[in-house]
Every structure is written in structure tokens, then in C-alpha cells.
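Q: Structure incoming, see below.
The values are calculated or read from the model by the stated rules, or taken from the named source; none is laboratory data. Predicted, not measured: the structure shown is a model, and the values here were computed from it. Here the Cβ is made from the backbone with ideal geometry for all residues, glycine too, and neighbour counts use every protein chain on show. The accessibility values were calculated without ligands, DNA or RNA, using every heavy atom of the protein model including side chains. Shrake-Rupley method; radii C 1.70, N 1.55, O 1.52, S 1.80 Å.
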Amino acid sequence: RGRRRKKTLDECDILSRLSGDPRVVALLDTYEDSDEVQLVLEYCEGGELFDAVRRRQRSHECRGSGYTETQSADIARQLLSALE
């Protein structure tokens, strides 16, 4: 339980530092009690990237991500640009 709480607090810290970047989901609020920390995040239509990759894999019934090398490179570029 303590490890998960630390990871959530680390995530909260990272999101706070990246606040205002249009490429990063906005942290709207946090709720914390003695057992857990809840993050309230901006709504992102389409869901999480991980879920989108999984859907794409299933719909294309292929190996790998279901994305071309060019598409994968573009996604990676967008992700990494938020960390500059």
C-alpha cells in the first residue's frame, strides 16, 4: 500500500511540474486520506494511450503495436516533446 501511495504522489508531483503544457493531461485536484490518494484529471476523449494501442492491436489482429513505424515514431516524438 505504501509503495502505491508513493507512486501516486510521484505522479502528482510530475503532473504539477508539467502543468499548463497542452500535451500533458491536466491535474485538476487531489483528494488524500490515510489510505489512498485520488487524482482528478482532465477528461481526455479516447482514453489512455495504452488502451488505444491495445484496441488497435485487436482490431488489426497483428503482432506488435498495430501502428506503422512512422506512426509509432510520431507518437514517441509527441510524448518526448512534453519532457523538454
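Q: Quick one: what pairs do we get from the stretch 66-84, first residue over 18 Å from R56 (Cα atoms), second open to solvent by less than 70 Å² (accessible area, probe 1.4 Å) and hydrophobic (A, V, I, L, M, F, W, C), C-beta under 6 Å, 6+ apart or different chains?
A: Within 6 Å, the pairs are A82/V24.
Q: How many of the residues making up the stretch 1-51 are aromatic (F, W, Y) and more than 28 Å from S72 (Cα to Cα)?
A: Adding up the residues that qualify gives 1.
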